Amino acid sequence: MKLSLHVWRQANSNEAGRMDQITATDITEDMSFLEMLDKVNEDLICEGKEPIAFDHDCREGICGMCSLMINGVAHGPESGTTTCQLHMRSFRDGDAIYIEPWRSRAFPVIRDLMVDRSSFDRVMQAGGYISVNTGNAQDANALPIKKADADAAFDAAACIGCGACVASCPNGSAMLFVAAKVNHLGRLPQGQPERSERVKKMVDAMDAEGFGACSNHYECEAVCPKDIPADTIARMNRDHLKASLCD
Amino acid sequence: MKLDSKIPGGPIQNKWTEHRFNMKLVNPANKRKFRVIVVGSGLAGGAAAATLGELGYNVDCFCFQDSARRAHSIAAQGGINAAKNYPNDGDSIWRLFYDTVKGGDYRAREANVYRLAEISSNIIDTCVAQGVPFAREYGGLLDNRSFGGAQVSRTFYARGQTGQQLLIGAYQALSRQVSKGSVTMHTRTELQEIVVVDGHARGIITRNLVTGKLTRHAADAVLLCTGGYGNVFYLSTNAMGSNVTAAVKAWKKGAGFANPCYTQIHPTCIPVSSEHQSKLTLMSESLRYDGRVWVPKKKGDTRAPNVIPEDERDYYLERRYPSFGNLVPRDVASRAAKERCDAGYGVGSTGLAVYLDFSDAIDRLGEDAVRARYGNLFHMYEKITAENPYKVPMKIFPAVHYTMGGLWVDYELQTTVPGLFALGECNFSDHGANRLGASALMQGLADGYFVAPYTVGHYLAQHGSMGASGKVTTDHPAFAESENALRDRIDRLMNINGSQSVESFHKRLGKIMWDECGMARDKSGLRGAIEDIQALQKEFWSDVCVPGSKDGCNPELDKAGRVADFLEFGELMCRDALMREESCGGHFRKEHQTEDGEARRDDDNYAFAGVWEYQGDGDGDEPSLHKENLEFEHVKLTTRSYK
Ligand SMILES: Cc1cc2nc3c(=O)[nH]c(=O)nc-3n(C[C@H](O)[C@H](O)[C@H](O)COP(=O)(O)OP(=O)(O)OC[C@H]3O[C@@H](n4cnc5c(N)ncnc54)[C@H](O)[C@@H]3O)c2cc1C
Ligand code: FES
């Protein structure tokens, strides 16, 4: 396949970026999207040009490091898929593909397609945990947990922290990310003592980082590679309301 | 180099308890005066940094990814072992200890393995308290599954994402310490030099992968938790960034490297499909419980699998190992697949694949039951290959997965450089020559949550900045020396301006390693490989092309540094494989096999950990070998047989 790529190039966070046209040649269907970029980069290096910088690590859809808006859709056209799991058989010879970084006030561009998502870490540091020290635990089976609750907690805990939800939300909201953690811990008995405090602190931190508010567009749900549903946000809102009223 | 394993005396059951009592403690008020560097935020590093922070130490934690939560531990699928005996099927600390020593083909240190088994239960308790959503039964209690190399069900799991959930648990604990100010997290920051002062590790030099800035960090102790080196083979199931840099730097500063040739090749991975392939994907071991492995009986048979009649199929594992069949351990299954493909019976476009067929299971249980068990794996397989495994057998092939070798450590997880500790996959400690499934997660968390926090304190109480050597700051000449050496190396890389990409060197190294130091090795191949790698190394340093600048974000430069270290390390692996004139676990020497192709161990001459000491970079310089003899008091050495 031969493809016409339109790629965001930006030297660093201080300089202005632009879309560059790059032709990708000898692309095969069984390549992953990132392998296609690897190939393009090898060619650029051979021509004495600078390769395209993008984030990636596990290439299995679990570390959350890869990103990319592909033709305007976070992680590209396949649902329930990260960019690293996307394959070139989803594209046709001659296609034009627009590749851009996550765009959000809270995710400044570092270079080309790489962005800084440390705001997510800071939101987690505000309260996304259970305050227990190593070595203080009782026997694991001393606390039975309903299977349904454990499963629901898992569904929320499946979040990989990639930021697709933020990138595709018109408001740049991080509600799905925050709600996933609030629900994971809030569904479990171990998470109850700090439940109110946690949701308040995390939401405050989210606001402080410059993420927008949720106005029910549901774009986040549509692009989430782990299919975390938007009603997770509704549950968080209930927790937040309750916590605020009890103040 | 002196190898003092510091195995405590007394009965094996009491060693750890007594040793904990005998180790020195740091007064709580003094703990915050100590600074500890933890390199790595995976299960080992994340757990250690969080726990040391909880104890009151000042911790600096580093990772090269953009968040601590992305360490490669996140990718582990299957589960984590613990001797809880919840299913009441006869498990015990002793049995987990025994299985691990045997599974490691009798090349691990008994005392360490026993401690690991002893601690395993505490890990599960801790993780549950943190909110890790392990799989549960309808009664609300934890569920277990069975894994290779064991006859009991002792594996705890969280769907197919156990590593993710455990790592998020550690990351949460770490985040809590960051918010309290006891841990400072340095992301997108790579260790590139280790600083040793008066024989003790006292700091590191890092490169910020966004700004390119080099920074000196001084500390009272340094913990390396930097993961495995499987990417020396270029293609592996490891993440793209996994590297051996920290371990090589430690080796060059005097830390012994143990058993570098012990690598685990996992039998069920998705085969390579093209030369552009960048990594390999694991298909969980659990698939072999219902899948049957076969190749056509006729050489070069290109018919579609479904039209090959039953009596023209060779279920070679069932044929060769009637009692274990498709469930033989990883090393045995991998070699058997290679043997068939080498003999010309492999399938697929490359001939480097065998079938893993679920049609019997689907006939027996129905498609829905198979979907309930393996749905997510089948889905992942279909995503990558565009083939539906419910209809067509999967094609699989072995792939590099885990490295048992690593920095040599004593019972306290300290390397041969005082003050330098190694935890998790980057040390050599517990798995001997072959690791059992679900034991790496257990080891990483045991080291990080429960071993290092005590042993590091013991070291600090004696040798920290309050101790004899005095407070070391980054003004010490040793820091300047290390930083200059690093600066020179970066300049050298940037100034070669050659014609070949970093990636192309990595690929060539990977091919040499896979061909000559992979699943089967022999003397002449290894000798040739050493020469080839030396030549490749020369070529790299004269013709590699690193575009861009050293100031600022430059992923090609990051990769160049890592590949340079892999090149050096690949040679060491081949030397170790050449030295070890026996076959054991993941190390198979063609010269040392039985008539029917099984591994032949040599306990009289090779029951030791082979520890290599760096001797310099000069032309005639060769690393020297030291031996830690392994003594087996509790587990009797026998030949593993799965016939
Ligand atoms: C696909 C896959 C599936 C697996 N499944 C299982 C399983 O089911 N059960 C099981 O027990 N084991 C499994 N394993 C093995 C297990 O996951 C690993 O051995 C284990 O997680 C390693 O943990 P770690 O903390 O030692 O290293 P890692 O998790 O690899 O962490 C390494 C850390 O070091 C950092 N780092 C590395 N180099 C540097 C440097 N130079 N400077 C700064 N930071 C650095 C990285 O950023 C990272 O934070 C699996 C492995 C793979 C690849
Ligand atoms: S690279 Fe890890 S999720 Fe894509």
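The values are calculated or read from the model by the stated rules, or taken from the named source; none is laboratory data. For clarity, every value in this text was computed on a predicted model and none was experimentally measured. We place every Cβ from the backbone using ideal geometry, glycine too, and count neighbours over all the protein chains shown. We work out accessible area using only protein heavy atoms, side chains counted, and drop any ligands, DNA or RNA first. Shrake-Rupley method; radii C 1.70, N 1.55, O 1.52, S 1.80 Å.
Looking for whichever is under 29 Å from A:Gly191 (Cβ atoms) and touching a Phe, Trp or Tyr at 6+ places or on another chain (Cβ under 9 Å) here; the options are B:Tyr114, B:Tyr106, B:Tyr157. Which one fits?
B:Tyr157
Mind checking which residues of the stretch B:154-174 are within 17 Å of A:Ala156 (Cβ to Cβ) and away from ligand 2 (no atom under 16 Å from the Cβ)?
B:Ala158, B:Arg159, B:Thr162, B:Leu166, B:Gly169, B:Gln172
Testing B:Ile533 on (1) over 30 Å from B:Gln414 (Cα atoms); (2) in a loop (DSSP other than H, G, I, E, B), one condition comes back false. Which one is that?
If we test B:Ile533 against (1) over 30 Å from B:Gln414 (Cα atoms); (2) in a loop (DSSP other than H, G, I, E, B), just (2) comes out false.
For residues in the stretch A:79-90 being in contact with an Asp or Glu (Cβ under 7 Å, 6 or more places away or on another chain) and either of a type in the set (D, E, K, R) or assigned to a loop (DSSP other than H, G, I, E, B) (or both), which is most open to solvent (accessible area, probe 1.4 Å)?
The qualifying residue most open to solvent (accessible area, probe 1.4 Å) is A:Arg89.
Give the residue that is nearest to the other protein chains (Cβ to nearest Cβ), with candidates limited to residues of the stretch A:62-78 that are more than 16 Å from ligand 1 (Cβ to nearest atom) and open to solvent by less than 10 Å² (accessible area, probe 1.4 Å).
Applying the filter and picking the extreme gives A:Ser67.
Residues to consider are B:Gly548, B:Gly498, B:Gly437; find the one that is open to solvent by 30 Å² or more (accessible area, probe 1.4 Å), outside the structural domain of B:Asp342 (by TED's automatic domain parsing) and assigned to a loop (DSSP other than H, G, I, E, B).
Within the list B:Gly548, B:Gly498, B:Gly437, the selection yields B:Gly548.
Does any residue of the stretch A:119-139 turn out to be more than 9 Å from chain B (Cβ to nearest Cβ), among the small types (Gly, Ala, Ser) and buried (at least 21 other Cβ atoms within 10 Å of the Cβ)?
Yes - at least one qualifying residue is present in the stretch A:119-139.
Of the conditions (1) assigned to a helix (DSSP H, G or I); (2) within 14 Å of chain A (Cβ to nearest Cβ); (3) open to solvent by less than 30 Å² (accessible area, probe 1.4 Å), B:Val132 fails just one. Which one is it?
Failing condition for B:Val132: (1).
Restricted to the stretch B:603-621, and to residues that are open to solvent by 40 Å² or more (accessible area, probe 1.4 Å) and in a loop (DSSP other than H, G, I, E, B), which residue is modelled with the lowest pLDDT?
Filtering first and then ranking leaves B:Asp619.
If B:Ala239 satisfies all but one of (1) within 11 Å of another protein chain (Cβ to nearest Cβ); (2) open to solvent by 10 Å² or more (accessible area, probe 1.4 Å); (3) hydrophobic (A, V, I, L, M, F, W, C), what's the number of the condition it fails?
(2)
Mind checking whether some residue in the stretch A:191-214 is touching a Ser or Thr at 6+ places or on another chain (Cβ under 8 Å), within 30 Å of B:Ser120 (Cα to Cα) and of a type in the set (Gly, Ala, Ser)?
no
Table: residues versus (1) modelled with pLDDT under 95; (2) closer than 24 Å to B:Arg188 by Cα; (3) open to solvent by 10 Å² or more (accessible area, probe 1.4 Å).
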{"residue": "A:Gly17", "(1), (2), (3)": "no, yes, yes"}
{"residue": "A:Glu29", "(1), (2), (3)": "yes, no, yes"}
{"residue": "A:Gly48", "(1), (2), (3)": "yes, no, yes"}
{"residue": "A:Glu60", "(1), (2), (3)": "yes, yes, yes"}
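Checking the condition farther than 23 Å from A:Asp93 by Cβ, outside any strand (DSSP E or B) and touching a Ser or Thr at 6+ places or on another chain (Cβ under 9 Å), which residue from A:Asp30, A:Asp38, A:Asp57 passes?
Exactly one residue qualifies, and that residue is A:Asp57.
Among the helices (runs of 4 or more DSSP H) lying completely within the stretch B:9-105, list those that include at least 3 residues that are of a type in the set (A, V, I, L, M) and within 14 Å of another protein chain (Cβ to nearest Cβ).
B:43-55
Which condition number does B:Glu582 fail, the rest of (1) in contact with a Phe, Trp or Tyr (Cβ under 7 Å, 6 or more places away or on another chain); (2) part of a helix (DSSP H, G or I) being met?
(2)
Identify, please: which residue in the stretch A:79-95 is at the interface with chain B (Cβ under 10 Å from one of its Cβ atoms) and within 16 Å of ligand 1 (Cβ to nearest atom) and is, among those, nearest to A:His6 (Cα to Cα)?
Ranking the qualifying residues of the stretch A:79-95, first place goes to A:Cys84.
Out of the residues in the stretch A:190-218 that are within 24 Å of A:Trp102 (Cβ to Cβ) and open to solvent by 80 Å² or more (accessible area, probe 1.4 Å), which is farthest from ligand 1 (Cβ to nearest atom)?
So the residue we want is A:Asn216.
Checking B:Ser146 against (1) within 14 Å of chain A (Cβ to nearest Cβ); (2) without any contact (Cβ under 8 Å) to a residue 12 or more places away in the chain, only one condition comes out false. Which one?
So the condition that B:Ser146 fails would be (1).
Would you check if B:Val244 is touching a helix residue (DSSP H, G or I) at 6+ places or on another chain (Cβ under 6 Å), within 14 Å of chain A (Cβ to nearest Cβ) and crowded, with 24+ Cβ neighbours inside 10 Å?
Taking the combined requirement at face value, the residue does not satisfy it.
Do you know which residues across the stretch A:128-146 are at pLDDT 95 or above and either on the phi > 0 side of the Ramachandran plot or not in a loop (DSSP other than H, G, I, E, B) (or both)?
Listed by number, the residues that qualify are A:Ala140, A:Asn141, A:Ala142.
Being within 12 Å of another protein chain (Cβ to nearest Cβ), closer than 22 Å to B:Thr162 by Cβ and of a type in the set (A, V, I, L, M, F, W, C) is the filter here; which residues of the stretch B:378-396 pass it?
Matches in the stretch B:378-396: B:Met380, B:Ile384.
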